[in-house]
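These notes are about the structure you will find just below.
The values are calculated or read from the model by the stated rules, or taken from the named source; none is laboratory data. None of these values were measured; they are calculated from a predicted model. Every residue, glycine as well, gets a Cβ built from its backbone with ideal geometry; the counts of neighbours run over all protein chains shown.
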Amino acid sequence: MFTGLVADLGTVEAVRATDDGVRLVVRSALAGELAEGDSVAVNGVCLTATSIADGRFQADVMLETLRRSSLGEVRDDATVNLELPLRATDRLGGHVVQGHVDGLGTVRDAREDGFSRVVEIAADPALLRYVVEKGSIAVDGVSLTVAAIGDDWFSVALIPETRERTTLGAAPPGTPVNLEVDVLAKYVEKLVK
């Protein structure tokens with residue numbers, strides 16, 4: 001389980017693709033805190049560290065994950081949002097994020113609003129049924145509050161801290177992003193049925 005509070009921006013040093021999946025090699029200061037078998041969220045996708053050495057970790061991305069997330073588009077030298085899992089003694093500063101991507105969205109527009117950057121994201125209406133104004137959503141692993149919502153889009157506002165510490169601060173229109181809706185909404189829907 002994660003909180004959606006990005007701890008570091010990592011650099012993808014290698015993308016090793018095969019017919020069976022992809023192995024990512026990521027350089028990050030967080031590598032020293034990982035052990036083989038530990039979970040790590042990469043752009044909001046929960047992966048397992050398979051090897052750690054020299055300030056880098058490796059993680060395998062299976063075909064299912066490549067189909068459902070933007071990790072299939074990641075290239076060498078890309079910057080990625082990273083977060084280590086929540087410890088039982090940590091504060092829950094964001095919201096409950098599982099690292100299980102529900103779908104892809106696309107940055108549709110971005111505009112300045114005072115010191116914030118408002119980012120509008122196109123999303124599948126099937127996902128948007130779980131999204132509510134002032135509710136939580138994870139975008140590329142970043143816990144955000146929904147500012148507004150439409151039939152096929154929603155917007156979030158990024159404070160300067162989020163702009164500087166995540167990849168969303170500079171994401172141009174057309175950028176694919178991983179979306180994870182609030183898991184509580186999915187459980188409520190299932191229970192109500």
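The table that follows gives values for the structure above.
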read-out	value
Residue among 126, 147 that is more than 30 Å from residue 33 (Cβ to Cβ) and in contact with a Lys or Arg (Cβ under 9 Å, 6 or more places away or on another chain)	147
Residue satisfying condition, being outside the structural domain of residue 20 (by TED's automatic domain parsing) and either of a type outside the set (A, V, I, L, M, F, W, C) or closer than 24 Å to residue 163 by Cβ (or both), within set 76, 124, 60	124
Residue ID - farthest from residue 72 (Cα to Cα), chosen from residues in region 165-193 that are among the β-branched types (Val, Ile, Thr) and touching a strand residue (DSSP E or B) at 6+ places or on another chain (Cβ under 9 Å)	183
Residue within region 24-35 that is part of a loop (DSSP other than H, G, I, E, B), exposed (fewer than 13 other Cβ atoms within 10 Å of the Cβ) and not β-branched (Val, Ile, Thr) present	yes
Pairs, first modelled with pLDDT under 95 in region 173-188, second not hydroxyl-bearing (Ser, Thr, Tyr), C-beta under 7 Å, six or more apart	182/95; 182/135; 182/137; 183/96; 183/98
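For every residue, the table says whether it meets (1) out of contact with any Gly (no Cβ under 8 Å at 6 or more places or on another chain); (2) free of Cβ contacts under 8 Å to residues at least 12 places away in the same chain; (3) crowded, with 20+ Cβ neighbours inside 10 Å.
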position	(1), (2), (3)
9	yes, no, no
13	yes, no, no
20	yes, no, no
68	no, no, no
89	yes, yes, no
93	yes, no, no
